[in-house]
Amino acid sequence: NAGVTQTPKFQVLKTGQSMTLQCAQDMNHEYMSWYRQDPGMGLRLIHYSVGAGITDQGEVPNGYNVSRSTTEDFPLRLLSAAPSQTSVYFCASSRGQAGGEQFFGPGTRLTVL
Amino acid sequence: DQQVKQNSPSLSVQEGRISILNCDYTNSMFDYFLWYKKYPAEGPTFLISISSIKDKNEDGRFTVFLNKSAKHLSLHIVPSQPGDSAVYFCAASLLPYNAGKSTFGDGTTLTVKP
């Protein structure tokens, strides 16, 4: 069991570039979420999904898109990167209706110049 | 308006003593509370949780207390060990027993000195 995997680990972008952060889980979890963590702050919810084909916005969704075509994968797309999106991004999954905690990936550290 | 607050950014304790980490929340609709531990350059890992229908939950050296009237929860670690040094996040969910859409506090950095 790999758990929750994220790629890449590190990324540097220029303002205006686009990219996709990948997230995959092999635990057959219903729910998946994307968070960002800025220095000295907690995790803030960007988008989440309660199942394949169903997504919704979290607290800080602007500038990000998501889709969920399979149970396993939940990519996060940055449409036009801005310096304010410099952060560490964490993907998480949880059992959903069956309850319980979230399992987090190792994170992607993104710098936008 | 921050709905989950951890007012102490840092805490330092001696090995073997008790560590008490605190968390306050403002939304009375929160139903499920969790503590996560995070080491540098890693993702958070789950530590312990408590449902709003309980006031205490224990797991080994870790105990979480919930005071709903005060909208306050605390994490007790007894005895503290150097390996417990990490950032601890309090999280709250509106869903019963389901952390899928949680609101996090800003974290408390715990340092346990040998």
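What follows is calculated from the coordinates using simple rules that are stated; it is not laboratory data. Just so it is clear, the model here is predicted, and its values are computed rather than measured. Here the Cβ positions follow ideal geometry from the backbone for every residue, glycine too, while neighbour counts run over all protein chains shown.
Going by neighbour counts of Cβ atoms within 10 Å, the residues B:PHE89, B:PHE46 line up, fewest first, as B:PHE46, B:PHE89. Take the alpha-carbon centre of the range B:7-34, take the same for the range A:37-110, and report the distance between them in whole Å. A separation of 25 Å, based on Cα centres.
Here the Karplus curve 6.51 cos²θ - 1.76 cosθ + 1.60, taken at θ = phi - 60°, turns the phi angles of the range A:44-55 into couplings of 10, 6, 9, 9, 9, 9, 9, x, 4, x, 10, 9 Hz, with x standing for Gly and Pro. Legend: distances between Cα atoms for B:LYS56/B:LYS101; B:LYS71/B:LYS113; A:LYS14/B:LYS101; B:LYS68/B:LYS101; pairs beyond 24 Å are B:LYS71/B:LYS113; A:LYS14/B:LYS101.
Computed from the Cβ-Cβ distance with R0 of 41 Å, the FRET efficiency linking A:ARG77 to B:GLN3 stands at 0.90.
For chain A, the Kirkwood estimate of the hydrodynamic radius, built from every pair of different alpha carbons, is 13.9 Å.
For a Förster distance of 30 Å, can you work out the FRET efficiency between the beta-carbons of A:ALA52 and A:PHE10, rounded to the nearest 0.05? Efficiency, rounded to the nearest 0.05: 0.55.
I need the fraction of alpha carbon pairs in the protein assembly as shown separated by more than 25 Å, rounded to a whole percent. When every Cα pair of the protein assembly as shown is considered, 40 percent fall beyond 25 Å.
Taking other Cβ atoms within 10 Å as a rough exposure proxy, B:ASP59, B:ASP31, A:ASP26 sort from fewest to most as B:ASP59, A:ASP26, B:ASP31.
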